[in-house]
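Accompanying notes for the structure given below.
The values are calculated or read from the model by the stated rules, or taken from the named source; none is laboratory data. Keep in mind it's a predicted model, so treat the numbers as computed, not measured. A quick note on method: Cβ atoms are made from the backbone with ideal geometry, for glycine too, and the neighbour counts reach across all protein chains shown.
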Amino acid sequence: MKIYHAPNTRSVRIVWLCEELGLDYELEMFKLGDPSMRDPEYLKINPMARVPSLADGDVTIFESGAIVEYILTKHGGGRMRPNSDSADFPVYLQWLHYAEGMIMPHVNTLVVETILLPEDRRNPVNIDRARKQLTRMLGAVDQALGDNEFLAGEFSGADIMTGHACTVAARLGADISDKPNVSAYIKRLNERPGLKKAFAT
C-alpha cells in the first residue's frame, strides 16, 4: 500500500492505523500546500489535491474516514472494530464519523484563521466561535468516555478518527481544562508508539 502523506494533516490517521495493525506501507511525501499535489497525475488519485490518499493494488481511495474503513475491512483481519452484532458496533460507527462531522469543521476554521491567513485578514469572531463550538463538541466526547479508556470498547478505528481530532483540537487551543476524560484520553493516545511515529513522519 502507498499512503500519500503530508505531516500534520489528516493523513497522520492513516499512518497511525497502519502502524497499529503492523501493515507494510510506502509513503509518498508532500508538504502542506505542495504545488506537486496539483500535478495531473496526482489529481487522478485525489481530485481535491489533498491528503490522505491511498493506493492499494488497483484501488485508489481518498478521504481519511473512508480509508480507515477500507483498510480495516480489507486488511484488518477483524481487528480494531467491533463485530456488527456487538453492542459496541453502533457506538463505533458514531465515533468513527464524529470526527469529521462535528470536530474537524471547527478545527479547519482555526487552522485557516490562526495559521493560514495573515494577521490583518483574521476574523476574531470566527476564531472565538470555532473555539466555543470545539469546547461543546469535545464535551460530548468527555461524557462518552466516562471511565472508559476508549470510545467503543477496545481501541478501534473510532479512536484513530476522533482521538486524532481531539489531539489536534487541543493543540489549536480548544479548552479542555474542564474535560478530564478528554485530557487523559489524549495523553493515552499520544503515548502509543504508532501515533508517535505517525506524528514524527
How many residues, within the range 83-99, are buried (at least 19 other Cβ atoms within 10 Å of the Cβ) and not assigned by TED's automatic domain parsing to the domain that holds Gln133? 0
Given the options Met102, Met1, Met80, Met48, name the one that is more than 13 Å from the chain's Cα centre (by Cα), over 13 Å from Asp159 (Cα atoms) and either of a type in the set (Val, Ile, Thr) or buried (at least 16 other Cβ atoms within 10 Å of the Cβ) (or both). Met1
Going by what's in this entry, would Gly153 be described as touching a helix residue (DSSP H, G or I) at 6+ places or on another chain (Cβ under 6 Å), outside the structural domain of Arg13 (by TED's automatic domain parsing) and either touching a residue at least 24 places away in the same chain (Cβ under 8 Å) or in a helix (DSSP H, G or I) (or both)? yes
Would you mind listing the strands (runs of 3 or more DSSP E) fully within the range 11-91 where at least 2 residues are of a type outside the set (Val, Ile, Thr) and on the phi < 0 side of the Ramachandran plot? 26-29, 53-56
Which members of the range 160-201 meet the condition of being part of a loop (DSSP other than H, G, I, E, B), surrounded by fewer than 23 Cβ atoms within 10 Å (Cβ to Cβ) and not charged (D, E, K, R)? Leu172, Gly173, Ile176, Ser177, Thr201
Matching residues, the range 4-45, being aromatic (Phe, Trp, Tyr), farther than 23 Å from Leu116 by Cα and within 17 Å of the chain's Cα centre (by Cα): Trp16
